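Input: a single structure, listed below in structure tokens.
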Amino acid sequence: MTAMQIVFLVIGAATLLGGVMVVVSRNLIHAALWLILSLAGVAALFVLLEAGLLAVVQVAVYIGAIAILIIFAVMLTRRVMADSGPAANPNWWAAALAALMIFAGLVVVFMQLPALGAAQAAPLAGDPEVLVEDLGRALVDVDRYVVPFEVASVLLLAALIGAVVVARPPEAPLPEEEGR
Amino acid sequence: MIPLTWYLLLAAGLFCVGLYGVLARRNAVAILMGIELMLNAVNLNLVAFWRYITPTVIAGQVFAVIVFAVAASEAAVGLALIISIYRRRSTVVADEINMLKW
Amino acid sequence: MSDPFGQISQFLLDLLTGWGLEAGLAAFLLKLLGAAAMGMLALFSTFLFIWGERKLLARIQIRLGPNRAGPFGIFQTVADFAKLVTKELIVPSGADHFVFLLAPILVVMSAVAVWAVVPFAPRFIGTDINVAVLYIVAIGSIGILGIMLAGWSSNNKFALLGAFRAAAQLVSYEVPMVLTLLIPTMLAGSMGTVSIVEAQRQMPFLILAPIPALLFFISSLAENGRAPFDLLEAESEIATGFNVEYGGLMFGMFFVAEFLHAFTIGALTTTLFLGGWLGPGVDRYPILGVVYFFGKSLLVWFTIIWVRMSLPRIRIDQMLAFNWKLLTPLALAAVIVFAVADKLAPGGVLGRTLVLLAGNALLAVGTLAGLWVHARASRRAATPPVGSTPPMRVSPS
């Protein structure tokens, strides 16, 4: 049991604990905080996997934007501070059964594939600087991934405009000039 | 060294926990949090496979970056919808938003 | 004395392995020690920054400032913190206990963690990650999280209102800050702070990119919640906003985080635009790098306090309009202009400087022209035409 394995087990346990507490907590702000713990755990795992740029992007995008957005939505959609009603559906046992069965199926698949079990030693990768540059070039290279990159940017633009339009207050603004 | 299967098991576990959250929770924002857990599990899987199977090809990280963008836009639109529904119906419990049910 | 910090760390490593620890564990312990030392340095120097700020504010307002506790009032901050530490920590009833106590920790963490990537001198940096600029953005957003949680968990309407305004302001001004952070990255070709400082050997980026430097400065001021953007804690409006229920050491932590962030803005502006630790003679005597770095940072910090004392607070709608209608389009235009100009610029230092300065002048002229047209249009809309009654105004524009 090397030091790296202990570190991985600790971070993995924290991530899973955060995930379980997210889906179990009644108080939504607490659930959002446990989600932040899970997201931070995933960022730490990215660091272990030597994808440093993705780790920092995970913190900046997920924790710094999406988690704040979720907390904002929780604050705006509550009439009283306390939760009302049970946290889970009447069919929660079916959901738990489905999740367990899917997990069991995935475990069976992992244990049967020999190639994955053999990938114990980590193969070598390039220099971190070179990796980041390669990622940047790959995203704009005409022969590689510029089309998904552009489509993702159009998707983000559409989501931005759509979110602003959908979340607009219901009253129409009064017909006057906008202060040009 | 950490075997690849450990990462895959962790990602599978996180995915199933998120799946339980999506299927079992009543509050729409909590369902969205489950979706975020699932997307994170997918990202973890992608980067683990990139690192262990094809570390010289950058496609794994590119895929993960695109998943970041998709997750962000989906969270934004989903939360905008939830806020808009809350304004009209004063509830975010998924069972009570059932006007289209027959 | 050519590499003092390397020699100190080597000495400590030999000491620890001499006591019987294995090398990996000793290196790990040394890293922890270094991180703790950096954090302590940042937090204890906040005492001096708070004292200096209060003295400067006082002198600008033609009064003396603290002058009782010690010579020139140097121990005033120590006295203040002694008082804050001995106060009772009150958690309001109905408040979310855990979140209430977590929020100041997140805010202080965000203020201190930035110091890990700031280069003080050649080879004197916490950690030289090659994505340091993005790390700074990520850590800044954790501070926003802390402020929102503080406002929400206080079970107080004014605190919640303060938290919403804070979130609106901080999240909005992150956008021009991130966009202008792209420009030193483009000019240096790397996101690592050491590479950015090294790339300024011939010409500091302030001369190559004055408008992005100004944009970064303004949006950092807004990120910090400093005047003129201090409606986060506008005492006359919302009774100190998100930290109204906090007393004792928890308020002290918010206090420390705000004043430390002000100096951190100075440190970041120095690193990104003023050349960091560069100066005459710094390659032979690396310890001079620390002197140059702190001198430049103190200059920017003084400018921040000067701006604070000179400008009145702006309203929230003015602040949001300023960001989304002026700063963000200007930052986007700056990124485009710099990307094009940097590719078109000839190789030498003088040629590159002139081309980039021309790009800056283009941006400035464009912005001023746009502002002039907008001002003329709103003046025309405000004055009624001859012989008719003025339009009924239902809401201010």
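The values are calculated or read from the model by the stated rules, or taken from the named source; none is laboratory data. The structure presented is a predicted model; accordingly, all values stated were derived computationally and were not measured. For neighbour counting, all protein chains shown are included, and Cβ atoms are generated from backbone atoms with ideal geometry for every residue, glycine included. Remember, those area values only see protein heavy atoms, side chains included, never the ligands or the DNA or RNA. Shrake-Rupley method; radii C 1.70, N 1.55, O 1.52, S 1.80 Å.
Scanning the range B:92-102 for residues that are within 21 Å of B:Met33 (Cβ to Cβ) and more than 9 Å from every other protein chain (Cβ to nearest Cβ) gives B:Glu96, B:Ile97.
Scanning the range A:50-60 turns up one or more residues that are outside any helix (DSSP H, G or I), within 14 Å of chain C (Cβ to nearest Cβ), surrounded by 15 or more Cβ atoms within 10 Å (Cβ to Cβ) and at pLDDT below 95. Residues that are modelled with pLDDT under 90 and assigned to a helix (DSSP H, G or I) within the range C:263-290 comprise C:Ile287, C:Leu288, C:Gly289, C:Val290, listed in sequence order. The requirement of being at negative phi, under 19 Å from the mean Cα position of the chain (by Cα) and open to solvent by less than 10 Å² (accessible area, probe 1.4 Å) is satisfied by B:Ala71.
Out of the residues in the range B:1-33 meeting the condition of being hydroxyl-bearing (Ser, Thr, Tyr) and buried (at least 21 other Cβ atoms within 10 Å of the Cβ), tell me which one is farthest from the other protein chains (Cβ to nearest Cβ). Only one residue fits best here, namely B:Tyr7. Condition (residue is aromatic (Phe, Trp, Tyr), open to solvent by 30 Å² or more (accessible area, probe 1.4 Å) and more than 12 Å from chain C (Cβ to nearest Cβ)) applied to the range A:5-23: is it met by at least one residue? Looking through the range A:5-23, none of the residues is aromatic (Phe, Trp, Tyr), open to solvent by 30 Å² or more (accessible area, probe 1.4 Å) and more than 12 Å from chain C (Cβ to nearest Cβ).
Residue pairs whose Cβ atoms lie under 6 Å apart, sitting 6 or more positions apart in sequence or on different chains, and linking a residue in the range B:44-58 that is under 16 Å from A:Leu53 (Cβ atoms) to a partner that is in a loop (DSSP other than H, G, I, E, B) and at pLDDT below 85, are B:Pro55/A:Pro123; B:Pro55/A:Ala125. Taken together, the criteria exclude C:Ile136 from residues that are under 17 Å from A:Leu69 (Cα atoms), crowded, with 23+ Cβ neighbours inside 10 Å, among the β-branched types (Val, Ile, Thr) and under 16 Å from the mean Cα position of the chain (by Cα). Checked against the criterion of being part of a helix (DSSP H, G or I) and farther than 18 Å from A:Arg78 by Cα, the range B:77-95 has at least one qualifying residue. Summed over the range C:44-99, residues that are in a loop (DSSP other than H, G, I, E, B), more than 26 Å from C:Ser297 (Cα to Cα) and of a type in the set (Phe, Trp, Tyr) total 0. Among the residues of the range B:47-64, the ones that are assigned to a helix (DSSP H, G or I) and open to solvent by 40 Å² or more (accessible area, probe 1.4 Å) come to 2 in all. Among the residues making up the range A:24-33, a single one is at the interface with chain B (Cβ under 9 Å from one of its Cβ atoms) and either open to solvent by 30 Å² or more (accessible area, probe 1.4 Å) or modelled with pLDDT of 95 or more (or both): A:Val24.
Quick one: which helices (runs of 4 or more DSSP H) lie wholly within the range C:162-230 and hold at least 2 residues that are among the hydroxyl-bearing types (Ser, Thr, Tyr), within 14 Å of chain A (Cβ to nearest Cβ) and more than 16 Å from A:Ile68 (Cβ to Cβ)? Fully inside the range C:162-230 and qualifying: C:193-198.
When A:Ser84 is tested against the conditions (1) at pLDDT below 90; (2) facing chain B (nearest Cβ under 7 Å), the lone failure is (2).
Tell me whether the range C:15-29 contains one or more residues that are closer than 30 Å to C:Trp301 by Cα and exposed (fewer than 15 other Cβ atoms within 10 Å of the Cβ). There is no residue in the range C:15-29 that is closer than 30 Å to C:Trp301 by Cα and exposed (fewer than 15 other Cβ atoms within 10 Å of the Cβ).
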